[in-house]
1. Any residue that is open to solvent by 40 Å² or more (accessible area, probe 1.4 Å) and touching a residue at least 24 places away in the same chain (Cβ under 8 Å) - is there at least one of those in the range 120-138?
2. Go through the range 210-229 and count every residue that is polar (S, T, N, Q) and either surrounded by 15 or more Cβ atoms within 10 Å (Cβ to Cβ) or within 19 Å of the chain's Cα centre (by Cα) (or both).
3. Go through (1) without any contact (Cβ under 8 Å) to a residue 12 or more places away in the chain; (2) of a type in the set (Val, Ile, Thr); (3) in contact with a helix residue (DSSP H, G or I) (Cβ under 7 Å, 6 or more places away or on another chain) one by one and return the number of the condition THR179 breaks.
4. Name the single residue, out of those in the range 43-58 being under 27 Å from TYR173 (Cα atoms) and touching a strand residue (DSSP E or B) at 6+ places or on another chain (Cβ under 6 Å), that is most open to solvent (accessible area, probe 1.4 Å).
5. List pairs: first in the range 101-112 and in contact (Cβ under 8 Å) with a residue 12 or more places away in the chain, second in a helix (DSSP H, G or I) and open to solvent by less than 30 Å² (accessible area, probe 1.4 Å), Cβ under 9 Å, 6+ apart or cross-chain?
6. Restricting to the range 59-71, count the residues that are assigned to a loop (DSSP other than H, G, I, E, B) and open to solvent by 10 Å² or more (accessible area, probe 1.4 Å).
7. For the range 72-94, indicate whether the set of residues that are surrounded by fewer than 23 Cβ atoms within 10 Å (Cβ to Cβ), in contact with a helix residue (DSSP H, G or I) (Cβ under 9 Å, 6 or more places away or on another chain), free of Cβ contacts under 8 Å to residues at least 40 places away in the same chain and not in a helix (DSSP H, G or I) is non-empty.
8. Would you mind stating whether ASP219 is free of Cβ contacts under 8 Å to residues at least 60 places away in the same chain and out of contact with any strand residue (DSSP E or B) (no Cβ under 7 Å at 6 or more places or on another chain)?
Amino acid sequence: MKMALIECRFYSEVLGLSTSMTVILPQKTTTQIGMNNVSRGELHPTLYLLHGLSDDDSIWVRRTSIERYVAEMGIAVVMPQVHRSFYTDMVTGSKYWTFISEELPALARSFFPLSPLREDNFVAGLSMGGYGAIKLGLRKPEVFSAAASLSGALDMAHHFINWEDPTVRSREYELIFGTEDISGTPDDLLWLLQQHDASEGPKTALYQCCGTEDFLYKDNLVFRDACRQTSISLTYEEGPGEHEWGYWDNKIRDVLAWLPLKK
């Protein structure tokens, strides 16, 4: 055990069902071989780390060394389960946006010693989770000071279009978002960029990376270029890479190094 790793099963009032989250908590140790674990105090800075479309709350622990990477940082990592919801209040399905943006943080803080301060809360995710992370950062800037996307599906208004007939959306898109175009709505990250830029409240720092061989690379270029037209702080990185765990295991370390942790 490198840190405290908790598989937490709990009931969600918002979803109306039992669900799960995997949580890493800092634990200061002095005798553990090969590890230098750090704890920053009673209430831990927290990274909410989101999974992709085909995964669950256990996937980051199973596919990367995230537990080892955060050991010397003294931060907690909360990894929730949202199925194939795109972190959205689904038209046909459950209210996963309300769950992830309101209920989950409150429950996690009631279960574990996590800091409620904006400067101590961050969110990141891959693919579908990249979309969820940026949506949380842009819609909840009073909660999250930083949001990071790894190979994110960042142009959802166009991602599920049938290019032979742009009026036709995929069945999965319709289950999540409905039959209407989400452009110009709170589920459209490009629109959220404009709203966030024009707001007078706190601004969330953004990090974005994507492999140049990734099928979502063009989505990422669209988002990058739109963000560069605003005053929002964006750290953008690209390079060789596909939509796979070797890339994400490497880049999550860059995300962790980028987080604006208090010294």
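1. No, every residue in the range 120-138 fails to be open to solvent by 40 Å² or more (accessible area, probe 1.4 Å) and touching a residue at least 24 places away in the same chain (Cβ under 8 Å).
2. Residues meeting the conditions: 1.
3. (3)
4. Going through the qualifying residues, I end up with SER58.
5. If the second residue must be in a helix (DSSP H, G or I) and open to solvent by less than 30 Å² (accessible area, probe 1.4 Å), the pairs left are SER101/LYS135; SER101/LEU136.
6. Here the count works out to 2.
7. Yes.
8. no
The values are calculated or read from the model by the stated rules, or taken from the named source; none is laboratory data. What you see is a predicted model, and the numbers here were worked out from it, not measured in a lab. Note: ideal-geometry Cβ built from the backbone for every residue, glycine included; neighbour counts use all protein chains shown. Remember, those area values only see protein heavy atoms, side chains included, never the ligands or the DNA or RNA. Shrake-Rupley method; radii C 1.70, N 1.55, O 1.52, S 1.80 Å.
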